[in-house]
Amino acid sequence: LPTVEDCLWRAGTWYRLGQLDKAQADAEEARNRDRTCARAYYAIATLYAIRGKADRCAEALHSARLYGWQNLGFVKEDPDFAKVRDAAEVQRVLEEQ
């Protein structure tokens, strides 16, 4: 069986190839294998952001932060988050303490 790291590596590869559905499936598989994997939640958030799904992106960002992701400030600069960056629900997560 693939490990969490395997799934995240594949998700990144699919992302770079523009195969977002496959990237999403692998990121979700990583999350399913380790429900506390901050990197998996951040990958999922990124994929929702690209698709403009602010509510789902915010949920995944919140989970990423809950499980230790500390670089949420990157969302303010990352072009992948352009469609959702200013959404109220995403801003609330970015402002959480």
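A short reminder: the numbers here are calculations on the coordinates, not readings from a lab. None of these values were measured; they are calculated from a predicted model. FYI the Cβ positions are ideal-geometry reconstructions off the backbone, even for glycines, and counts take in every protein chain you see.
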Query raised in the report: With the Cα gyration tensor of the chain giving a ≥ b ≥ c as the square roots of its eigenvalues, does the rule (a/c under 1.5 for rounded; else a/b larger than b/c for prolate; else oblate) give rounded, prolate or oblate?
Result: oblate
**Report entry** 11 Å beta-carbon shell around Arg85, net charge (K/R +1, D/E -1)
**Finding:** -2
Report summary line: Scoring only Lys, Arg, Asp and Glu (+1, +1, -1, -1) among other residues with Cβ under 14 Å from the Cβ of Thr13 yields -2
Query raised in the report: Residue-wise, which Karplus ³J(HN,Hα) couplings in Hz belong to region 39-50, taking 6.51 cos²θ - 1.76 cosθ + 1.60, θ = phi - 60°, and x for glycine or proline?
Result: 4, 5, 5, 5, 4, 4, 4, 4, 5, 5, 4, 4
Report summary line: Along region 67-74, Karplus-curve 3J(HN,Hα) (6.51, -1.76, 1.60; θ = phi - 60°) to the nearest Hz, with x for Gly and Pro, reads 9, x, 5, 10, 9, 5, x, 4
